[in-house]
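The values are calculated or read from the model by the stated rules, or taken from the named source; none is laboratory data. These numbers were taken from a predicted model, which means no experiment stands behind them. Neighbour counts are summed over all protein chains in view; Cβ atoms, including those assigned to glycine, are modelled from backbone coordinates with ideal geometry.
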Amino acid sequence: MTEWLLDGALGALLLGLAIGALHGRTLYVSVLLFIAFGLALALVWARLGAADLALAEAAIGAGLTGVLLFAALANQPDEPPQGARRHRLAAAAVVLPLLIMLVQGLAPLDPVRSGMPEVIAQAMPASGVEYPVTAVLLNFRAWDTLLELAVLLLALLGARQLGPRRLELAEPWPLLRSWARVLAPLLVLAAGYLLWRGASSPGGAFQAGSLLAAGVVLLRLSGLLPVLRWSFLPLRVLVLGGLLVFVAVALATAWLGSGWLTYPDGAAKGLILLIEAMATLSITASLSLLVVGEHEESDG
């Protein structure tokens, strides 16, 4: 009964925060509720046993995305609250039938038992890692992860086309500056631990890179880190490094091995560690540029 009450409370909290974020009286309130929604969703993922998703949601959905939303909010003109009762009724009229159709469509899937876990378990000894999620993402379905890095790069390039932007405090708070000096090293240690543990338990490159990016954002907002610019060559190398290393491994395995991203026997663990390490640095650099990177204004 206690577990049912906890799950019901989390579900009701998640639904209430989602409705509040969509229909907040001001954009500021909506952004705050969206960040709270991300934190609550991280708890839901943890409750479901998906620790990887919980870590990513807490770092990205509630952390870095919240900073981006506040940066966008700072550039918006003040708007009076709008009464949107008609819009809410219209949204309910559309969403409720969709929810009914979704529940009816998913109901037949409940008794179906997937044979995929057994297939993954049989292939685990040759995967090079001990954690099934890492084995799927970086061995059995490595192409998916490669394309995710490509999508992140495209997102960064697309964001750069939106024009110059600045995200910094006019005068960093002394408390923020003091805490940044303490929290930044702890974030580096936590990110290193997540990267190292990713081979045998929840963690990995994306979670580690997200924490490192959060540390970079914290140091930048506190004025302890110089401006991040795309024109800085080492930073561009870091952004491209993860994808380039991944593609190089794919080409090498296609040329010397049994096929694209089909690792040779005994080499899977080393190649996965190399890809994970470079992907962590690329994710850190990309997310940091997305949130606190500054554009150089063209002369012409």
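Against the conditions (1) of a type in the set (D, E, K, R); (2) in contact (Cβ under 8 Å) with a residue 60 or more places away in the chain; (3) in a helix (DSSP H, G or I), GLU148 satisfies every one except (2). No other residue among ALA190, ALA208 is in a helix (DSSP H, G or I) and over 19 Å from LEU271 (Cα atoms) apart from ALA190. Candidates are the residues of the range 248-267 that are modelled with pLDDT of 90 or more and in contact with a Leu (Cβ under 7 Å, 6 or more places away or on another chain); the one that is surrounded by the fewest Cβ atoms within 10 Å (Cβ to Cβ) is ALA250.
Number of residues in the range 8-34 that are touching a residue at least 24 places away in the same chain (Cβ under 8 Å), part of a helix (DSSP H, G or I) and in contact with a helix residue (DSSP H, G or I) (Cβ under 7 Å, 6 or more places away or on another chain): the value is 7. Candidates are the residues of the range 268-295 that are modelled with pLDDT of 85 or more and of a type in the set (Gly, Ala, Ser); the one that is surrounded by the fewest Cβ atoms within 10 Å (Cβ to Cβ) is GLY270. Considering only residues in the range 180-210 that are in contact with an Asp or Glu (Cβ under 9 Å, 6 or more places away or on another chain) and surrounded by fewer than 24 Cβ atoms within 10 Å (Cβ to Cβ), the one that is nearest to SER222 (Cα to Cα) turns out to be LEU195. Please specify each residue of the range 38-62 satisfying the condition of being within 15 Å of the chain's Cα centre (by Cα) and either at pLDDT below 75 or of a type in the set (D, E, K, R) (or both). Residues satisfying the conditions are ASP52, GLU57, ALA62. Whenever a residue of the range 42-70 is in the same structural domain as GLN207 (by TED's automatic domain parsing), it has no partner that is among the hydrophobic types (A, V, I, L, M, F, W, C) lying with C-beta atoms less than 9 angstrom away and at least six residues away or across chains. The set of residues in the range 215-229 that are surrounded by 16 or more Cβ atoms within 10 Å (Cβ to Cβ) and either touching a strand residue (DSSP E or B) at 6+ places or on another chain (Cβ under 7 Å) or in a helix (DSSP H, G or I) (or both) comprises GLY215, VAL216, VAL217, LEU218, LEU219, ARG220, LEU221, LEU228. Flag: VAL182 does not match the condition of being assigned by TED's automatic domain parsing to the domain that holds MET278 and in contact with a helix residue (DSSP H, G or I) (Cβ under 6 Å, 6 or more places away or on another chain).
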